[in-house]
Amino acid sequence: MIKKIIALLLCALCFIGALAFPATAAAGPTIETTLTDNITLLGSKKTFDVFARNSSGEKIKAVVKLNGEPVSPTWDDADKTSYTLCFTKEGENIVTVSATSDGGKKKELTYHITYRKAAQGEAIGSAVWSVELFTVGGGYLVYPAEMSIYEGETAAEQLIRLLGENGYVGYYSGTPKSSFYLGYIADGASQNEKYNNYLKSASPKTPKSLDIKTAIPEVLKPYLKDTMTFFDEDDYEKNWTGYIGEFVYTNGAGWMYSVNNVFPNVGFSDEYLSDGDVVRVQFTLGYGADIGGLGALGNGGFSGSDGMPESGYFKVADKDSLTALISKARALELLDRANVNKAYQNALSVVQTLDAPQSTVDSAANALKSALSAPDNSSSSSSSSVQSSSSTSSSVQSSSSNSSSVQGSFSSSITSSVQSSAFSSISSSDSSSTPIDSEASVQQSQSSLIAAESSISNNGVAEREKPRFPLVPVIIGGAGIIAVVVIAIIVIKKRP
């Protein structure tokens, strides 16, 4: 009889364990990428990122294959791995991304990409570009606008073209084809062929001045004072007038960029864009912690300290859709319509609010989209000033909602030879980022700086939710086991 009771108790324990720990039992690797399935590309190169994790949330190695052939990483850091697909076969191409962890469990994603070959220099689509000075109250340096993408052209070549068409020059190291790093954007009339050892891009036909009136948002100041070793609100006017880039205002200042709300860990010359991409070139004062790009560094020096979340100073919403709609509103020339102008003005206010909630951003985007689909017949008297001015961002940004979360830092020494991920350059001794080839190593810092992950699926916040051990199942399982043991003891004691 005792043997039967023990057998029943063991069965009960197994059943309770299966119910209590299903997440743990079924745990395995997770994979997210910035690729899209069932798309058609005209460009022969496509850059994308892979985020592979085991059940504990730790980064693991992924394997990428194009038509069965392995694809080597362009850059690998502590957060993600970037790859560049080079298409030679016209028609359907199969891309697989796989990872194995947790006792041999495997996860694999499959993408079907149709490639149609374009001639060198042929237009293969367009991307929306913007250059933003929101962190210093400067609004848009370059308003969102569509730019053609040409076959074989790197994002660095497009950036230089964008700056020139808008009256500015860029100072950079490397070349637009290799190891490109953007050090500064400057007045179009600048005559210096070199600035801090960076080379100048071609002078624009119609030069413009930066005309920056510094008004750093109040929401940023406490974080910069706490996390930067150098911070001076008047630094631009005193030392850098006409040049905005690395080390201006803070030791963590410089240019970063995001593509489709993800901060790449490669530089502009390693980035190949596709039709419909949204590229936001953003000036940071805190190694990307103020714009959602800290994760692109792979390691943010003060992340997680003093109660700061690993995502940055505060949650940063995904503003790509709103950015694209602002571009559309300007292109359609409907800003003289009252309802469009009202929605547009609100969109400018929201997009420049650094810590605007995702719900507020989505609401502004929906309002502008609705206005553009049904513009009023009545005109707005303020429309002419809206399109020509760089919008009053100082008041917009300083009124940003109260947020108390903080994060990351950059490396104080910036070197043009290591563009580890987000910003000017992460120290080459940073063990969290491992160069795969010489160009990638020179490019990561700008990609980051000039170039995190801003999260693909968490409302634009530059933070990925790490899997946690399920607490509720643990409690249920523990209680069940205790109950079974108690019953067993009672049964045995009552047995004569």
Q.
Rolling a 1.4 Å sphere over the protein heavy atoms, what is the accessible area per residue of region 138-222, to the nearest Å²?
A. 40
Q.
Set the bar at 18 Å for Cα to Cα. Now go through Lys213/Lys315; Lys45/Lys89; Lys80/Lys107; Lys65/Lys107; Lys46/Lys177 and name every pair that lies beyond it.
A. Lys213/Lys315
Q: State whether region 168-308 is rounded, prolate or oblate according to the following rule on the C-alpha gyration tensor (a ≥ b ≥ c being the square roots of its eigenvalues): a/c under 1.5 gives rounded; otherwise a/b larger than b/c gives prolate, and the remaining case gives oblate.
A: oblate
Q: Heavy atoms only, probe 1.4 Å: what % of the accessible area of region 182-259 goes to carbon and sulfur, would you let me know?
A: 47
Q. Excluding same-chain residues fewer than 8 positions from Lys328, which aspartates and glutamates have a Cα within less than 18 Å of its Cα?
A. Glu132, Glu146, Asp275, Asp277, Asp318, Asp320, Asp336, Asp362, Asp376
Q: Please say if region 26-169 is rounded, prolate or oblate, where rounded means a/c under 1.5 for a ≥ b ≥ c the square roots of the C-alpha gyration tensor eigenvalues, and otherwise the choice is prolate for a/b larger than b/c and oblate otherwise?
A: oblate
Q | Three-way shape label, region 145-198, alpha-carbon gyration tensor, a/c 1.5 | A | oblate
Q. Can you give the extra length, in nm with one decimal, that the chain gains between Cys86 and Asp37 once fully stretched, where that is 0.36 nm per residue apart less the Cα-Cα distance?
A. 16.0 nm
Q.
Apply the Karplus curve 6.51 cos²θ - 1.76 cosθ + 1.60, θ = phi - 60°, to the phi angles in region 183-189 and return the couplings in whole Hz, x for Gly and Pro.
A. x, 8, 10, 9, 3, x, 8
Q | Point-to-point label distance, Lys342-Thr114, nm (Cα→Cβ direction, 7 Å offset) | A | 4.3
Q. In region 120-217, which trypsin sites (Lys or Arg not before Pro) fall in coil by DSSP and have 10 or fewer other Cβ atoms within 10 Å?
A. Lys205
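The values are calculated or read from the model by the stated rules, or taken from the named source; none is laboratory data. Quick caveat: nothing in here was measured; it's all calculated off a predicted structure. Positions of Cβ are backbone-derived with ideal geometry, glycine not excepted, and every protein chain shown enters the neighbour counts. Areas reflect the complete protein model, heavy atoms only, side chains present, ligands, DNA and RNA absent. Shrake-Rupley method; radii C 1.70, N 1.55, O 1.52, S 1.80 Å.
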